[in-house]
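Quick notes on the structure that follows.
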Number of protein chains: 2
Amino acid sequence: MNKINLTTQRKAIFEIIQEAHDHPTAGDVIERLRLKGKQYAYGTVYNSLRYLTDSGLIRELKLGETASRYDARTEDHQHIVCTQCGRVDEVMAELPSDWLNQIAQDTGYTVHETQIVIEGVCKSCATP
Amino acid sequence: MNKINLTTQRKAIFEIIQEAHDHPTAGDVIERLRLKGKQYAYGTVYNSLRYLTDSGLIRELKLGETASRYDARTEDHQHIVCTQCGRVDEVMAELPSDWLNQIAQDTGYTVHETQIVIEGVCKSCATP
DNA sequence: TTTTTAATTTATACTTAGTCTAAAACTAGT
DNA sequence: ACTAGTTTTAGACTAAGTATAAATTAAAAA
């Protein structure tokens, strides 16, 4: 594992993700950088997000929306999305390992990762 | 529930999805239609895929790739994607309901759907 | 059967998210 | 300071999908 090289830009972007508690998209990151008076090239933000993801400092979430979201919580966990308001919450409940083992056996795959997206309606949308 | 109106185009597209056993993307559908000598407007294919999805005849799969895939198997099941060759297989193992109940309780959400994408390496990629 | 209305398809322009490229600007090591 | 390697920048480009307005088809009414 190589040394992680956190340039000014990468650090600033990493901080945005860490401060955020709403799983921002690349577009969100660009906007928040601008609010802090920092404006980096379009491609730099995407490159940095990929670099941070590859380094394991953040996680890329593909939740079935058009844009990827990013999360600084790298511990194994899943997400639940509200189909009404778009809000994303963390799901810490661990996936039953027997279930995963059964899948590995059934399919012959070696399982590496599971991205689970649960869709539902959040409390505040359910009670108007 | 309204009556389902299967036009010529929608029927042809539905058939492509039914015949396929590889979860084709919209692009794949357009190509296969062309091979059959059928060429519909770009937007028609997208509209039809959405119509068929909304009617419950097919399912849209968002597997974290750039393009959605479509599946004529509408029974509840999940998918496993090979990170090497991109192949997609069905996972019929049912999700443990206690796990889902726990999540509903923990998060306060009313759970509607779960799209689970398991990533791994398929048998033929594992043994070269 | 003609007329009217509604739904669908078509062609094309547009949007969004993200990649690619080549030049310029840093950063390290000598 | 000089060179090599890495990053950033600006801007062109791509892929997937949406929006729109006109043309076509289908359905309903008269």
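The values are calculated or read from the model by the stated rules, or taken from the named source; none is laboratory data. Computed from a predicted model, the values in this text were never measured in an experiment. All Cβ positions, glycine included, derive from the backbone under ideal geometry; neighbour counts span all protein chains shown. With ligands, DNA and RNA removed, areas are computed over all heavy atoms of the protein, side chains included. Shrake-Rupley method; radii C 1.70, N 1.55, O 1.52, S 1.80 Å.
When the surface is traced with a 1.4 Å probe over the full set of protein chains, A:Leu35 keeps roughly 130 Å² accessible.
Can you give the longest stretch of chain A with no exposed loop site, where a site means GluC sites (Glu not before Pro) in a DSSP loop (not H, G, I, E or B) with at most 12 other C-beta atoms within 10 Å? So the longest stretch without any such site is A:1-74.
Derived scalar couplings between HN and Hα for the range A:8-18 equal 3, 5, 4, 5, 4, 5, 4, 5, 4, 5, 5 Hz in order, rounded to whole Hz, by the Karplus curve 6.51 cos²θ - 1.76 cosθ + 1.60 (θ = phi - 60°), x for Gly and Pro. The share of accessible area on chain A that comes from carbon and sulfur is 46 percent, using a 1.4 angstrom probe.
Of the residues A:Ser48, A:Ser97, A:Ser68, the one that moves most in a GNM of chain A with alpha-carbon contacts below 10 Å is A:Ser97.
Using a 1.4 Å probe and counting only protein heavy atoms, how much accessible surface gets buried when B and A come together, both sides summed, in Å² to the nearest 100? Numbers along the way, then the final one.
Details: alone 8800 and 8800 Å², together 14780 Å².
That pair hides around 2800 Å² of surface in total.
A straight line joining the Cα centroids of the range A:68-91 and the range B:48-122 runs 16 Å.
If you take every residue apart from B:Lys123 with its C-beta less than 12 Å away from the C-beta of B:Lys123, what net charge results, scoring Lys and Arg +1 and Asp and Glu -1?
Once positives and negatives cancel, what remains is -1.
Computed from Cα positions, the angle between helix A:42-55 and the longest principal axis of chain A comes to roughly 50 degrees. Close amide-amide hydrogen proximity is noted between B:His79 and B:Val91, B:Ile116, B:Ile118, each under 5 Å apart and 5 or more residues distant or on a separate chain (H modeled in the peptide plane; Pro and chain starts excluded).
Based on the Cα gyration tensor of chain B, what are the three equivalent ellipsoid semi-axes, each the root of five times an eigenvalue, rounded to whole Å and given largest first?
Value: 29, 22, 11 Å, ordered largest first.
Of the residues A:Gly56, A:Gly108, A:Gly86, the one that moves most in a GNM of chain A with alpha-carbon contacts below 10 Å is A:Gly108. When chain A is treated as a Gaussian network with alpha carbon springs shorter than 10 Å, the biggest mean-square fluctuation among A:Val88, A:Val111, A:Val29 belongs to A:Val111. Extension gain, B:Glu75-B:Asp54: 0.36 nm per intervening residue step, less the Cα-Cα distance, totals 6.1 nm. Rounded to whole numbers, the Karplus 3J(HN,Hα) couplings from phi for the range B:119-124 are 10, x, 10, 6, 4, 6 Hz, using 6.51 cos²θ - 1.76 cosθ + 1.60 with θ = phi - 60°, and x at Gly and Pro. For the protein assembly as shown, the antiparallel share of DSSP beta bridges with both residues in that region comes to about 75%. Straight-line cross-link reach from B:Lys3 at under 19 Å between alpha-carbon atoms covers these lysines, not counting any fewer than eight positions away in the same chain: B:Lys11. By the helix-only formula, in which each DSSP H run with n ≥ 4 contributes -39500 (n - 2.57) and the sum is divided by residues, the protein assembly as shown has a 222 nm mean residue ellipticity of -12000 deg cm²/dmol. Applying a 4.7 Å Cβ-Cβ cutoff to chain A, the cysteines left without a disulfide-compatible partner are A:Cys85, A:Cys125. Shielding of peptide A:90-98 by partners, expressed as the average count of other chain Cβ atoms within 10 Å per residue Cβ, is 4. Taking amide H atoms as placed 1.01 Å from N in the peptide plane, the amide H of A:Asp71 lies under 5 Å from those of A:Arg59, A:Leu61, each 5 or more residues away in sequence or on another chain.
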